[in-house]
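Data first, discussion second: the structure below is written as C-alpha cells.
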Amino acid sequence: MSAIELRPPQNNLRGSLTVPGDKSISHRAVIFASLGQGVSQITNFLTGEDCMRTVEAFRQLGVQIEQSGNELTVYGKGIPHLKEAELPINFGNSGTTARLMSGVLAGLPLFTSAYGDPSLSKRPMDRVVHPLREMGASISGRKNASVLPLAFEGTKLKGTTHHLQVRSAQVKSALLLAGMLAEGETTVVELGVTRNHTEMLMSQFGINIDVEGSKITIQGGQQPTASNFRVPGDISSAAFFIVAAAISSNSSITIKDVGLNSTRDGIIQVMEHMGASVDANIHSYVGDEPVGDIQIKSSALKGVRIEGEMIPNLIDEIPIVALAATQAEGTTIIKDARELRFKETDRIAAVVNNLRALGAHVEPQEDGMIIHGPTPLKGGKVDSFGDHRIGMMGAIASLVCDAPVTIEDKECINISYPTFFDHLNQLTN
Ligand code: S3P
C-alpha cells in the first residue's frame, strides 16, 4: 500500500481523453463469451483488477481466454463443457464478480467454492443467495451464506418469479443468469429500473429475453452464441473528469467514446441540473449500447436535490458528485442512497470523512448526506479506504485545494481505472 501526494496543478484542464472500457459491461461480456459457443473477441475490455477476477473465474472453469493488452479472445465450448474448478475461486474485491458468478455457479452441475478479500467478505451476499435458493440452489456458507466464502453444490434450478427487495442490477443479473441455466421460465420484477447491460448483452449473445419496463422474463435452457463486442468507455470513470473540468477554472475537455446508456447517464443530468456546461452526444452503437462524446467546461455550479429514481442511475458517481457539491453555491441534498453503505467501503462515511478532512461542510445522513457550498478546500490527507472511487474523488479534489492532498492506499484505483493518474497528468499538463 502506498500513498501519493498531489500538488495543486499549475495548469487548467485542457484536451481530450478516452477512458477505459466500462466495468459493468466488461464483466458481462466475458461472462456471456465464456458461457457461449464459439470464439468471441472482446475489445476495449477493462483490464482492471475486478474484471480480471471474472476472467480468472472462467479460466478456473476450464475456458481458454487469451489476453493481449485490452483485447480478449474467448474460446467458448458451451455450457456443458465447463469443468469443475479444482481450487476455490477468488473474487478479490469485486462485488459484481461475486454476485453475477453466484447466479452462474448456482446453476452449473459442478461443485464450486469461492471467497473474496476482507472488504468483499463483509458485503451482503444474502440478496442473491435467498432468491437463488428459491430456485432450488444449494449454497452454503457462514452466517447462513449471507457473506463469502460460499460453496455451491450446483443443482438443477427451477424457473421462479422474483419480486426484488433491493434495487440492484447485480441481483437482477445474477437471477437472469440463473434463469438462463434453469428449467422453465424465470421472471424478475425490479423495484425500479436499474442498469440494463445484462439484458442488452443477452440479446447480443443470442439469448432471448422479454423486457416490459421493470419486469424481465427469460426461458431457461438457452445457450449463448459467440459474438465480437467492443466495450464502450466507462461513464463512471468519465465522471471523475467531468467533475474535474466543471470545478476547475478555465477548463474545457472532451471525453470520447463513452457509454451513454440511459440507465447510467445520471451524472450528465445531475451536472446539467447543477448548472454545468456539459454536452453529451451519441455518435454510434455497439449492439444496443449507445456510445458518444462528452464535452465539459468550467462552470458555476449550484446545489441540487438528488433522490428517488435518480439514485440507481448514478449510484457509483455519488462520491464525485459530493465533491462537485462542495464547490456549488447553496445546499445539495443526497437521499435514498443507503445502498452506498454496502459498497467497497461505507461510501457515506468515507466521503464525509474525506471531504471534511479537506475543509468541506458535509453532514452525514442515514441514507445520504447534506453538503453546504461553496467551500474553498485546503489540502490534507485522505484515505481511499481501499475503495477505488473514494481514492479518485480525493485525487480530483486536489485540483481545487490550495495545498497538497495525500491519498493513502492509491493502488485500489487500479480496480476500475488503471490509467487514472496518467490521464490526470495528461489533462493538466
Ligand atoms: C453494478 C451494479 C451496481 C454498481 C456496481 C456495478 C453492476 O451495484 O454499484 O459498481 O455491474 O451490475 P448494485 O447492483 O449493488 O447496485
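The values are calculated or read from the model by the stated rules, or taken from the named source; none is laboratory data. Note that the coordinates shown come from a computational prediction; the quantities given were computed from them, not determined experimentally. Here Cβ is always computed from backbone atoms with ideal geometry, including for glycine, and neighbour counts include all displayed protein chains. These accessible areas exclude ligands, DNA and RNA; they are computed on the full protein's heavy atoms, side chains included. Shrake-Rupley method; radii C 1.70, N 1.55, O 1.52, S 1.80 Å.
Of note:
- Charge tally in the Cβ shell below 11 Å around Ser119, where Lys, Arg are +1 and Asp, Glu are -1, Ser119 excluded: -1
- For His372, the solvent-accessible surface computed with a 1.4 Å probe is close to 70 Å², ligands and nucleic acids excluded.
- Accessible area per residue, Å², the chain with all protein chains present, probe 1.4 Å: 36
- Cα point-scatterer Debye curve for region 1-80, base-10 log of I(q)/I(0) at q = 0.11 Å⁻¹: -0.40
- Legend: calculated FRET efficiency, Lys378 to Glu71, from the Cβ-Cβ distance at R0 = 30 Å, rounded to 0.05, equals 0.10.
- Eligible lysines near Lys256 by straight Cα distance, threshold 21 Å, same-chain separation 8 or greater: Lys23, Lys297
- Close amide H pairs (under 5 Å, H built 1.01 Å from N) link Glu183 with Leu157, Lys158, Gly159, residues at least 5 positions away or on another chain.
- R0 of 25 Å, Cβ-Cβ distance Asp402-Lys256: FRET efficiency to nearest 0.05: 0.20
- Within the straight-line cut-off of under 19 Å between alpha carbons, the lysines reachable from Lys158 are Lys172, Lys215, sequence neighbours fewer than 8 places apart in one chain being disregarded.
- Note on region 390-429: with neighbouring protein chains present and a 1.4 Å probe, carbon and sulfur make up 45 percent of its accessible heavy-atom surface.
- Carbon plus sulfur fraction of accessible area for region 23-218, probe 1.4 Å, in percent: 48
- Value of [θ]222 nm, deg cm²/dmol, for the chain, DSSP H segments ≥ 4, -39500 (n - 2.57) each, nearest 500: -9000 deg cm²/dmol
- Local net charge near Thr96, Cβ-Cβ under 15 Å (Lys/Arg +1, Asp/Glu -1): +1
- Across region 301-310, computed HN-Hα scalar couplings (Karplus, 6.51 cos²θ - 1.76 cosθ + 1.60, θ = phi - 60°) run 9, 10, x, 9, 9, 10, 7, x, 4, 5 Hz from first to last residue, x flagging Gly and Pro.
- Candidate aspartates and glutamates - alpha carbon under 19 Å from Lys83, same-chain residues fewer than 8 apart omitted: Glu56, Glu66, Glu153
- Summarising the amide proton neighbourhood of Gly116: residues at separation of 5 or more, or on other chains, whose placed amide H is nearer than 5 Å comprise Phe91.
- A probe of 1.4 angstrom, applied to the heavy atoms of all protein chains, finds Met310 with accessible area near 70 square angstrom.
- Förster-model FRET efficiency, 60 Å R0, Glu134 and Ser16, C-beta, rounded to 0.05: 0.80
- The mean sequence distance of close C-alpha pairs (under 8 Å, at least 6 residues apart), as a share of the length of region 334-381, puts its relative contact order at 38 percent.
- Each Cα pair under 8 Å and six or more residues apart adds its sequence gap; the mean of these over the residue count of region 23-218 is a relative contact order of 18 percent.
- Taking 0.36 nm per residue of sequence separation and removing the Cα-Cα distance, the Asp422/Asn144 pair yields an extension gain of 95.7 nm.
- Extension gain (nm, one decimal) between His361 and Ile282, 0.36 nm per residue minus Cα-Cα: 24.8 nm
- Theoretical gain in end-to-end length, Thr263 to Ala3 [0.36 nm per residue, Cα-Cα removed]: 90.2 nm
- The amide H of His361, built 1.01 Å from its N in the peptide plane, has His372 as neighbours under 5 Å, considering only residues 5 or more places off or on other chains.
- Relative contact order of the chain: 18 percent, from C-alpha pairs under 8 Å at least 6 residues apart in sequence.
- Taking a quarter of the surface of the Cα convex hull of region 23-218 gives a mean projected area of 9.6 nm².
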